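Below: the structure, in structure tokens.
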Amino acid sequence: MEFSEYTIYEQQMLRQVKRWEIRQQKMPNLIEKASKSVSTNINKLIPEKVHKTITATVKGMFQTTLFGMNYIPQNEPLVGASLAESDAKAEELLSLYKKIAAAEGAGTGAGGILLGLADFPILIGIKLKFLFELAHAYGYSTKDYRERLFVLYVFQLAFSSPAKKPDLLRTIKNWHDIASSFPPAEAYMDQVDWLQLQQEYRDTIDFRKMLQLLPGIGAVVGAWANYGLLEELGVAGMNSFRLRRLHDKARSGA
């Protein structure tokens, strides 16, 4: 499809998505490399038993995401909506879920270390619910397990290290071809590196979320951290779905 065949709004979003793509493919700068080094050293201090527990928790939540019905929205996907209409719905959802995440972070942050640790799986659940709602806002039904896999890739893209983002972005850009070759859901689950996924996720949020455990400031930091993490997820999610919608239109020629 020629660029001119997109609507004016779609042309604007295409430019925005291309700028976002460029940012995702930049190699880590010195600050990011230093942060990664600190995170790696922190991880070495965490007992192996804790790593295994977090890995099992993350794996369990994502298995539930892929095979369960817990996160599938009750509302039907907005099939046939314009990209502008889908974006408006997405912005509405992001505003709502940022408030939910901030309130949850403030509550657990005020409760000390135990509730602060409990915030990690709760926050993952909030993020996944948001992404499922986002998929429906852009017209994709999460009743299809392949759409739930797409949600998982968007999640990884939002919180993986800069070195891994280009590969994840390529998967998202070529989703139509890739998804058609996927094995049954059960077989695919065996191919996911759950330890790597939870480490990437944890490393990205270490500095903000660790502060949430500190007495006296946990509530404020918890709200700030969760709000910011949802904002990052919203940017990755909206641009990923915009990319798919624009590619879908180009393929259909409509």
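Throughout, read-outs are computed from the coordinates displayed, never taken from laboratory work. Bear in mind the structure is a predicted one, so any value in this text is a computation, not a measurement. Positions of Cβ are generated from backbone atoms using ideal geometry, with glycine treated the same way; all protein chains shown enter the neighbour counts.
Brief remarks follow.
- Of 52/173; 59/249; 26/49; 26/143; 52/127; 18/59, those spanning more than 30 Å from alpha-carbon to alpha-carbon: 52/173; 59/249; 26/49; 26/143; 18/59
- Charged neighbours of residue 97, selected by a Cβ distance under 13 Å, balance to -1 (K, R count +1; D, E count -1).
- Potential lengthening between residue 25 and residue 176 on full extension [0.36 nm per residue; Cα-Cα distance subtracted]: 52.3 nm
- Calculated from backbone phi, Karplus (6.51, -1.76, 1.60) coupling profile of the stretch 74-88 in Hz, x at Gly/Pro: 6, 6, 6, x, 7, 5, x, 6, 6, 4, 5, 5, 5, 4, 4
- Near residue 177: Cβ cut-off under 13 Å, other residues only, Lys/Arg at +1 and Asp/Glu at -1. The net charge is +4.
- Over all other residues within a Cβ to Cβ distance under 15 Å of residue 75, the charged ones net out to -2, with Lys and Arg as +1 and Asp and Glu as -1.
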